[in-house]
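Every number here is computed from the coordinates shown, using simple stated rules; none is lab data. Computed from a predicted structure; not experimentally measured. All Cβ positions, glycine included, derive from the backbone under ideal geometry; neighbour counts span all protein chains shown.
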């Protein structure tokens, strides 16, 4: 009887997961659940008006959609954008493995504070045009297309934040997004050499440079562009419960598919996470799902321990950590980074670790997880501490136009640290070889 139930349960889960892939049905289902949860949290009339307000928001960092349109409208925004992106991937990618899984969940996360259908679609159009222009198969560009919407605030800020008539602001904003979606692909592929793959949010670094150029041009012409971090206060215990359950379900799906065991999970310790590290392909879907669930619970636990709340932006951080559990992150390489960031925040006396910006630094700062994975936990502590300091200053440079600000900061930290750590590691290895004779 028990074997029959287990077989039926695994057969059901295989509707959503393959041995080394995540099937589109999983994301269509998750998106529908988010939309349903949104409808539960707000009445249809207030949800529609809230969603409309979200679409009309300038959306630069940090625009918490919980505050802008309400919790229900925000979940509706996440669900609709996830449906659109899943359809785009379903049509153009052969299968969903670690990188695309990370991309979808990252976009989901940032749909809580900066991304929506209006300001994201132009980047997909730009990608399509680049594919035609460069004779590059669209399947090779899908990953970059999703991550390129890091600069989605550019579209919204030009459309709604410059005081332009809508018939001027809208086409200019959309064209700007299309152009960015076109140029970001060749630029991003070259920038990965800057940090040698030790910054997981490579597109965040690329977007930071592009955002810096755009913000500089806008400032020269005295166009309205500002970077203001507002204190976020709107949260709900139901949201916290939702994401605890979400993380547990991911873990249980993996646990069941892994024959109710942790077999193979500890092998993740051998993975540094350095780009490109596809956990789904390397370790299989069951281990990946377990890792996603565990990292989600670690992220939520951290927020709780330091006294924070799952506001919209913080939820985005949690989802991004969950996503990159399929693309380089594991408990062994993120915890040293988070501890380093926390200790530096205590030492700086600038932000309490429970403020929105501090929580975002701790969660998104795990972009540097490969440093801890490759060089050890002590290097992870140093990387986290440096990141906590640097990220305080990078947002102003691009005026919040780059949603992946921690990826921008992480690129500089990795580029600075990695050569130094290589020298230290080589010297240690040399002494070890001499000692062994």
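Numbers below:
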| read-out | value |
| --- | --- |
| Contact order normalised by residue count of the stretch 238-335, Cα under 8 Å, 6+ apart, percent | 38 |
| Rel. contact order, % - alpha carbon contacts under 8 angstrom, at least six apart, the stretch 1-115 | 32 |
| Residue 348-residue 301 FRET efficiency (beta carbon distance; Förster radius 25 Å; 0.05 resolution) | 0.65 |
| Ellipticity estimate at 222 nm from DSSP helix runs (n ≥ 4, -39,500 (n - 2.57)) divided over the chain, nearest 500 | -23500 deg cm²/dmol |
| The stretch 240-341 shape via C-alpha gyration tensor axes, a/c threshold 1.5 | oblate |
| Over the stretch 178-323, relative contact order from alpha-carbon pairs under 8 Å, at least 6 apart, % | 26 |
| Pairwise FRET efficiency - residue 129 versus residue 266, Cβ, R0 = 56 Å, nearest 0.05 | 0.80 |
| Listed peptides 317-323, 352-358 by packing density, highest first (mean Cβ within 10 Å) | 317-323, 352-358 |
| Likely footprinting exposure, 26, 283, fewest C-beta neighbours within 10 Å first | 26, 283 |
| The chain shape via C-alpha gyration tensor axes, a/c threshold 1.5 | rounded |
| Nitroxide proxy distance, nm - points 7 Å out along Cα→Cβ at residue 217 and residue 193 | 2.5 |
